[in-house]
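Read the structure below first, then the notes.
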Amino acid sequence: RDRYTGEHSGRVSLMTYRCCMLIEMSKYYRNTITLSAFCHDVGKISIPDGILHKEGPLTDAEYEEIKHHPQDGYDLLIKRSKYTHITDGVLYHQERWDGKGYPFGISGEQIPFPARIIAIADSIDAMLSDRPYRKALTQDECYA
């Protein structure tokens, strides 16, 4: 829907692919996770532009709206049988190891493995990218 999200999805899927190569996944599993990474933010098509491109901090209500995008993406993909194998990465990519993520607040190994890899790539790309509300971090800041 917008240039930033498209480029972000490409970078996240490339990082995900490279990570899968490093841990020597099978070609099928690697390709499945990579496709899921490319589609991880598809649910953002339901987010109004005024929220998605806001240049300042989000209000609590706006942030709640953003938090729907994993479920919205899942709902979109699960209806199409050729995409059901990638839905775990889309639905759970915003979950956090400590349980403070969304949409379900699950933690640790409850988070499907594909979503854990995508979450790392997504976080790295977000930190290393200029955002409407802040400049990109340096690689050292991101690593820290």
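The values are calculated or read from the model by the stated rules, or taken from the named source; none is laboratory data. Owing to the predicted nature of the structure, the values given are computational and were not obtained by experimental measurement. Backbone-built Cβ (ideal geometry, glycine too); neighbour counts: all protein chains shown. Remember, those area values only see protein heavy atoms, side chains included, never the ligands or the DNA or RNA. Shrake-Rupley method; radii C 1.70, N 1.55, O 1.52, S 1.80 Å.
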Which entry in (1) 100; (2) 169; (3) 118 matches volume of the Cα convex hull per residue in Å³ derived from the coordinates of this structure? (3)
Heavy-atom accessible area per residue of segment 63-131, all protein chains kept, 1.4 Å probe, expressed in Å², is 52 Å²
If the convex hull of the alpha-carbon atoms of segment 1-81 is projected onto planes in all directions, what is the mean projected area in square nanometres? 6.3 nm²
Give the span of segment 87-144's Cα atoms along each principal axis, as three whole-Å numbers ordered largest to smallest. 32, 22, 18
Tally Lys/Arg at +1 and Asp/Glu at -1 over every other residue whose Cβ is under 12 Å from the Cβ of Glu141; what's the total? +1
Gaussian network model of the chain, Cα springs within a sub-10 Å range: biggest mean-square fluctuation belongs to which of Asp88, Asp72, Asp60? Asp60
What net charge is computed for the residues neighbouring Glu109, neighbours being all others with C-beta under 12 Å from the C-beta of Glu109, Lys and Arg scored +1, Asp and Glu -1? 0
Accessible surface of segment 72-144, 1.4 Å probe, proportion on carbon and sulfur as whole %: 50 percent
If you stretched the chain out fully between Asp75 and Leu137, how much longer would it get, using 0.36 nm times the residue separation minus the C-alpha to C-alpha distance? 19.0 nm
Lys pairs in the chain, Cα-Cα under 26 Å, at least 8 apart or on separate chains: how many? 16
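For a quick check of your reading of the filter: which GluC sites (Glu not before Pro) in segment 13-91 sit in a DSSP loop and have no more than 12 other Cβ atoms within 10 Å?
On the way: sites: Glu24, Glu55, Glu62, Glu64, Glu65; in loops: Glu24, Glu55.
Of the GluC sites (Glu not before Pro), the ones in loops of segment 13-91 whose Cβ has at most 12 other Cβ atoms within 10 Å are Glu24, Glu55.
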Express in nm, to one decimal, how much length is gained between Thr59 and Leu22 on full extension, taking 0.36 nm for each residue of separation and deducting their alpha carbon distance. 9.4 nm
